[in-house]
Amino acid sequence: MIILFLIAIALMPQVLPAVHVNMLVEIAFFSLFAVSFNMLFGYGGLLSFGHAAYFGIGAYAMALLIKYIPGIPLFLLILSGGVAGGLGGLLAGFFCVRLKKAYFALLTMAFNQFFFAVALKWRSVTVEMTE
């Protein structure tokens, strides 16, 4: 069953227009995001308001690598994005690991705002990416 699913995914770019393939890729990204949030909140009971920050850190790291290392292999790019998001989660998790309920939620929100401020205010990195 899994092999048939992987074959169907591999054939999608030949069968569907590029717009639909891009939409399927975005659906897959956000589905993984939703599954990971469900594991944390649904099964663990921990409400994280900073969950999107780690998603963004991985995406930001991938964008920086694409910009500064042309021709980087896709597998290495995806792996480094996951590692960057994991390191951001490890940094915040170091402080949040023993907290429960509202304390956990508020500290994850604080880390989310911290990472947002870094992305917004670190002009030497962020402005160069948009130009």
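Among the residues of region 1-41, count how many are outside any helix (DSSP H, G or I) and among the hydrophobic types (A, V, I, L, M, F, W, C). Break it down stepwise before answering.
At the first step, the residues of region 1-41 found to be outside any helix (DSSP H, G or I) are 1, 16-17.
Now restrict to residues that are among the hydrophobic types (A, V, I, L, M, F, W, C): 1, 16.
Final tally of qualifying residues: 2.
Only one of (1) under 14 Å from the mean Cα position of the chain (by Cα); (2) more than 20 Å from ALA119 (Cβ to Cβ) is not met by ILE57, so which one is it?
(2)
Give the number of residues within region 67-98 that are under 11 Å from the mean Cα position of the chain (by Cα) and open to solvent by 90 Å² or more (accessible area, probe 1.4 Å).
Going through region 67-98 one residue at a time, the tally reaches 1.
Could you please give the count of residues in region 42-87 that are in contact (Cβ under 8 Å) with a residue 24 or more places away in the chain, of a type in the set (A, V, I, L, M, F, W, C) and not in a helix (DSSP H, G or I)?
Going through region 42-87 one residue at a time, the tally reaches 3.
Please determine whether any residue of region 13-28 is surrounded by 11 or more Cβ atoms within 10 Å (Cβ to Cβ), over 23 Å from the mean Cα position of the chain (by Cα) and among the aliphatic types (A, V, I, L, M).
yes
Filter region 99-109 for residues that are open to solvent by less than 30 Å² (accessible area, probe 1.4 Å) and over 23 Å from ALA61 (Cα atoms) and give the result.
Residues of region 99-109 that are open to solvent by less than 30 Å² (accessible area, probe 1.4 Å), as a first pass: 104-105, 108.
Within region 99-109, PHE104, ALA105 meet the criteria.
From TYR43, TYR60, which residue is aromatic (Phe, Trp, Tyr), within 30 Å of ARG98 (Cα to Cα) and surrounded by fewer than 11 Cβ atoms within 10 Å (Cβ to Cβ)? Walk me through how you get there before you give the answer.
Numbers: TYR60 fails: surrounded by fewer than 11 Cβ atoms within 10 Å (Cβ to Cβ).
The conditions single out TYR43.
Residues of region 113-130 being part of a helix (DSSP H, G or I), at pLDDT 70 or above and open to solvent by 60 Å² or more (accessible area, probe 1.4 Å), which ones? Lay out the reasoning, then the answer.
First pass over region 113-130, keeping only residues part of a helix (DSSP H, G or I): 113-121, 123-130.
Then drop every residue that is not at pLDDT 70 or above, which leaves 113-121, 123-124.
Scanning region 113-130 gives GLN113, PHE114, PHE116, LEU120, LYS121, ARG123, SER124.
Which residue pairs have Cβ atoms closer than 8 Å, lie 6 or more positions apart in sequence or on different chains, and pair a first residue in region 22-36 that is of a type in the set (A, V, I, L, M, F, W, C) with a second residue that is not in a helix (DSSP H, G or I)?
LEU24/LEU16
The values are calculated or read from the model by the stated rules, or taken from the named source; none is laboratory data. Only a predicted model underlies this, so the values are computations on that prediction, with no experimental measurement involved. Neighbour counts are summed over all protein chains in view; Cβ atoms, including those assigned to glycine, are modelled from backbone coordinates with ideal geometry. We work out accessible area using only protein heavy atoms, side chains counted, and drop any ligands, DNA or RNA first. Shrake-Rupley method; radii C 1.70, N 1.55, O 1.52, S 1.80 Å.
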